[in-house]
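Working notes for the structure below.
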Amino acid sequence: MPKGQVAWNKGKKTPDDTRKKLSLAMLGRPSSRKGKHQTEESNQKNREAHLGENNPNFGRTGGKHPMFGRCGELSPTWQGGISFLPYSSEFNAALKERIREHDNHTCQLCGVPQAECIRKLAVHHIDYDKENIADDNLISLCISCNTMVNFNREYWMKYFQEAKLGNRSNPEILHERGSQVY
Ligand SMILES: [Zn+2]
């Protein structure tokens with residue numbers, strides 16, 4: 001079906017007897033898909049072309065595979081979580097990347113570098129207000145720290161706000177203070 005065209009039966013419910021009549025009427029007609037689908041032969045060729053060593057990702061496993069860990073926001077098609085509104089639409093991948101860069105791609109709580117994480121650093125909203133995308137409300141956290149700060153929210157909000165005012169770019173100091181909690 002050409003792009004942009006709405007299926008004739010979209011949103012319409014076909015009563016059972018109409019459907020029967022329809023299927024009778026369709027009997028003997030050539031399939032609308034006839035001639036459009038790939039032949040078995042070309043399918044086979046396609047498969048072979050991407051099998052084993054012909055596949056550019058052959059032998060690449062784990063971190064070497066370009067799709068390693070790339071789901072959600074790590075996917076090239078990820079659009080900044082716009083499907084999970086109420087995130088501000090400006091809180092997109094580019095903004096998050098800018099915050100990560102500002103934080104030297106290092107978790108601002110435990111100090112682990114992004115390179116040592118399975119996933120990219122999360123960009124955390126310090127006041128838990130997803131609409132507030134001011135730079136000083138955003139901070140890069142590794143996944144485990146990001147999970148941790150979902151508890152004791154009040155504590156962490158104050159903690160990060162103070163940290164922002166003080167020594168934001170020194171994760172070790174943050175880490176020391178963070179470890180007092182446990
Ligand atoms: Zn961390």
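Things to note:
- Within the range 155-169, restricting attention to residues that are at pLDDT below 85, more than 28 Å from the chain's Cα centre (by Cα) and not aliphatic (A, V, I, L, M), the residue that is farthest from the ligand (Cβ to nearest atom) is Gly166.
- Yes/no for Arg153 being closer than 14 Å to Glu97 by Cα and surrounded by fewer than 20 Cβ atoms within 10 Å (Cβ to Cβ): no
- Considering residues of the range 108-149 that are more than 8 Å from the ligand (Cβ to nearest atom) and assigned to a strand (DSSP E or B) only, the residue surrounded by the most Cβ atoms within 10 Å (Cβ to Cβ): Ile139
Residues are listed down the side, and each one gets a yes or a no for (1) over 19 Å from the mean Cα position of the chain (by Cα); (2) farther than 28 Å from Leu165 by Cα; (3) among the aromatic types (Phe, Trp, Tyr); (4) modelled with pLDDT of 60 or more:
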residue	(1), (2), (3), (4)
Phe68	no, yes, yes, no
Thr77	no, yes, no, no
Gly80	no, no, no, no
Phe84	no, yes, yes, no
Leu95	no, no, no, yes
Asp127	yes, no, no, yes
Asn132	yes, no, no, yes
Cys142	no, no, no, yes
Arg153	yes, no, no, yes
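The values are calculated or read from the model by the stated rules, or taken from the named source; none is laboratory data. All values derive from a computational prediction rather than experimental measurement. Don't worry about glycine lacking a Cβ; one is built from the backbone with ideal geometry, like all the others, and counts go over all protein chains shown.
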